[in-house]
1. Determine ³J(HN,Hα), in whole Hz, for all residues of segment 373-381 in sequence, where each value follows from phi through the Karplus function 6.51 cos²θ - 1.76 cosθ + 1.60 and θ = phi - 60°; x replaces Gly and Pro.
2. Starting from the Cα-Cα distance between Asp192 and Asn80, subtract it from 0.36 nm times their residue separation and give me the gain in nm to one decimal.
3. Sorted from fewest to most neighbouring beta carbons within 10 Å, what does the list Tyr366, Tyr309 look like?
4. Rounded to whole Å, give me the distance from the Cα center of segment 40-73 to that of segment 119-142.
5. Starting with the fewest neighbours, write out Phe368, Phe333 ranked by other beta-carbon atoms found within 10 Å of each beta-carbon.
6. For Asp115 and Glu182, FRET efficiency with R0 = 35 Å and r from the beta-carbon atoms, rounded to 0.05?
7. Projected onto the charge dipole of segment 27-176 (+1 at Lys/Arg Cβ, -1 at Asp/Glu Cβ, origin at the Cα centre), which of Gly88, Leu110, Gln52 gives the Cα projection farthest towards the positive end?
8. Note the full-extension length gain between Arg90 and Val218 as 0.36 nm times their separation in residues minus their Cα-Cα distance, in nm to one decimal.
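Here, each number is a calculation from the coordinates, and none is a lab measurement. For clarity, every value in this text was computed on a predicted model and none was experimentally measured. Counting neighbours? That spans all protein chains shown, and the Cβs are built from the backbone with ideal geometry, glycine included.
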Amino acid sequence: MKFLSLLAAAVFATTAAAEYYKECNEGPFAPLLLVGDKHDASKYDVDICEQQYTTGAVVSGVDVWGSKSRISGILLTYSNGQKSHMVGARDGDHQKLEWGSSTTVTSVKLWSDWDARQLGGLRIELSDNRSLDMRLGDSGKDRISAKVFSPDVGSGILLGGFGTADNHITSWGWMFLESKVEKFTVNDFKFDQSIEQYRKEKSKNERLIIDTQVEYNVASRPLTMHMDKRSDKRNSYSYSQSSTLSFGFGYELEISGQVAGVGPKSSFSVELKTSFENTQEWTKSDDAGLTAKTIHECPPGMTAMCIGYAEFDEFKMDYEATVTIKLKSGKTFSFRERGTKEQTLYAKTQVKCADQQGDHTKEDPYEFVERRIEETRKEAEKKEEEKKKQEEAARNGTKATAPSNSTATPKRSGVVSLFFNA
């Protein structure tokens, strides 16, 4: 049984290792070229595969250590700020080269030593004319080879490095993205919490007042109130994806995400396309179409108020989504990546009007209207209840108690509630 367990563990480790190195052998790469040890000179060599393109990050910096007798170590920095494993050792002179997302690699060169037993040198040149150059000496047992290898840099976007190393670099090669990106597709969103939980904890509907009308009619005849006002507010949506910067500029982005049940609308979905350059955050907005419009009559001796408003919701939640990248060469590859979605959504415009006997102009218009609507609702409920009692008394042959004057429903309820869709 113990033997079988060990065998199963060995098979699992071998499979995991095969998948690990597969990411440096099979990918969206320009032609690969390994330079250095061709004779397996060191029995202590370890196979190296350093990359994070399968999680959306690319190389944005290289540190190299070396001397005239060996290239000691290489350390990569990725666009997400993380570092690779230390390949080899921090020994000897040190050079460092870092670049941003608007800079590409225009050329790389690799050398072996004179008898192809180790990496002899490397050079990286950038589009902003900066470079890194580390080589062995020109004489002695470990002198550099005269042959220069110039691997294809493809799109100029560096994805990682591969090779062999022990306490120094025995062989090395670079992995470059084969061609420029044509299209990003982001879909299959998995938000960090359920929509229901989000609504309970974070989502809050706020109110945008578009217009208010307040009149106290001291004249002897009705006064007509007019409301017609448009708001320039916009619905806005934004997504942040770090990979949108990592893989260069000038491509089409398609995002298909759903946020159901959040905010004033019961559902919202977006499937939009845009092209952009030099931005990490993708945004879009459209006219919310908010117009408050109504006509209301204010009787003599009464205060009338109208409010036009729209509820809106602000949503912000982190997510994980599938990013699929299509290259101009036709190749595609996918990975899961973290991001953040933000949106502001406005519901349709509501216009409500109410009135009441006397001067109430010092009241807040929204509170006045809501109060009068609630009072009218209760009055209607009470009137309906009294009607049912009278009908029940009539069926039983008894006489219902007449409502007192203090609770009688006034001839005019004083409330008119209007709803207009924008």
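1. Each residue of segment 373-381 in turn: 5, 5, 4, 5, 4, 5, 4, 5, 5 Hz.
2. 38.3 nm
3. Listing Tyr366, Tyr309 from fewest to most nearby Cβ atoms yields Tyr366, Tyr309.
4. 14
5. Lowest to highest Cβ neighbour count: Phe333, Phe368.
6. 0.20
7. Leu110
8. Extra length available between Arg90 and Val218 comes to 37.1 nm.
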